[in-house]
1. Looking at segment 160-179 only, could you name the residues that are part of a helix (DSSP H, G or I) and buried (at least 23 other Cβ atoms within 10 Å of the Cβ)?
2. Can you confirm whether residue 139 is surrounded by fewer than 21 Cβ atoms within 10 Å (Cβ to Cβ) and either assigned to a loop (DSSP other than H, G, I, E, B) or touching a residue at least 24 places away in the same chain (Cβ under 8 Å) (or both)?
3. Which of (1) within 24 Å of residue 36 (Cα to Cα); (2) more than 20 Å from the chain's Cα centre (by Cα); (3) surrounded by 14 or more Cβ atoms within 10 Å (Cβ to Cβ); (4) in contact (Cβ under 8 Å) with a residue 24 or more places away in the chain does residue 269 not meet, given it meets every other one?
4. If we scan segment 225-234, do we find a residue that is surrounded by 13 or more Cβ atoms within 10 Å (Cβ to Cβ) and more than 30 Å from residue 88 (Cα to Cα)?
5. Quick one: would you say residue 160 is at pLDDT 95 or above, in contact with a strand residue (DSSP E or B) (Cβ under 9 Å, 6 or more places away or on another chain) and more than 17 Å from residue 249 (Cα to Cα)?
6. Looking only at segment 293-305, how many residues end up being touching a strand residue (DSSP E or B) at 6+ places or on another chain (Cβ under 7 Å) and part of a helix (DSSP H, G or I)?
7. What single numbered condition from (1) farther than 22 Å from residue 146 by Cβ; (2) modelled with pLDDT of 95 or more fails to hold for residue 116?
8. Give 286, 247 a once-over and let me know the one that is closer than 25 Å to residue 57 by Cα, in a strand (DSSP E or B) and either over 18 Å from the mean Cα position of the chain (by Cα) or modelled with pLDDT of 90 or more (or both).
């Protein structure tokens, strides 16, 4: 089952886009973004992102090869394709409400040799699979786009085999998101102030609409939620899951990472290059490991930016 994509030609006023329901907005925006999503978020299918995806996964789930694996909200395939390359997936399935994203996911899978991935445009709240179909369901940065998160978790439970596992990563926490927003604003203010002192730093067209496609204007209207860890725990238990592992990550590294993103969004074209990218990535990793070794023992869990969790469908469930 999938939501019908609206006809943009029937929308005479750009304000009408914002009157669409959340699912229609997500279809339009992510269909438009599918061709540039990997570049925007520095997604790759090489060792850098393979190790990143695997590290997220094994924080909350056992490291072994799973049989039939479904990713909901697959995007361009970052999670399921890289987990397959890491040796954790035998047979891969991928769904997304955006057909454009599903096509990008299938294309990326073929490029790395994953030839039998089955991709389908589908609503995460009404998955087109039989009960008890999968050994593992995964998702990365997907729940915050869904209008009815408890319904999606219930669907994940339904399509899992008894004893199967759900693993979700990359979701924003409510408090961590608010704290990081302050860091992004401070970075933007500082960088713009430097731009007034030294010409050539800030992109002069940063506030100009660069895309003819009206779907581009929906970027700020497809993120629907942030989460408290205890909120997600309650939803999982209501759905029937047990053996929960819920973690948060990225405190100092979250400030740094989003500050870097802010500079990249404001910088003049050509100002930042490969040396910047390497510096940013290496320092993000250093701060990430600092968070894991030190900060997580000192700072309350809800203050961290990213939420990730695993949950198991009981072996006796039907």
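1. Once the filter is applied, which keeps residues that are part of a helix (DSSP H, G or I) and buried (at least 23 other Cβ atoms within 10 Å of the Cβ), segment 160-179 yields only 176.
2. Criteria not met by residue 139.
3. Just one mismatch for residue 269, condition (3).
4. No, segment 225-234 contains no residue that is surrounded by 13 or more Cβ atoms within 10 Å (Cβ to Cβ) and more than 30 Å from residue 88 (Cα to Cα).
5. Considered against the rule, which asks whether it is at pLDDT 95 or above, in contact with a strand residue (DSSP E or B) (Cβ under 9 Å, 6 or more places away or on another chain) and more than 17 Å from residue 249 (Cα to Cα), residue 160 comes out as yes.
6. Final tally of qualifying residues: 2.
7. (2)
8. Working: 286 fails: in a strand (DSSP E or B).
That would be 247, the only listed residue that is closer than 25 Å to residue 57 by Cα, in a strand (DSSP E or B) and either over 18 Å from the mean Cα position of the chain (by Cα) or modelled with pLDDT of 90 or more (or both).
The values are calculated or read from the model by the stated rules, or taken from the named source; none is laboratory data. Every value quoted in this text rests on a predicted model; they were computed, and no experiment measured them. Because the Cβ atoms are built from the backbone with ideal geometry, glycine has one as well, and the counts that use them run over all protein chains shown.
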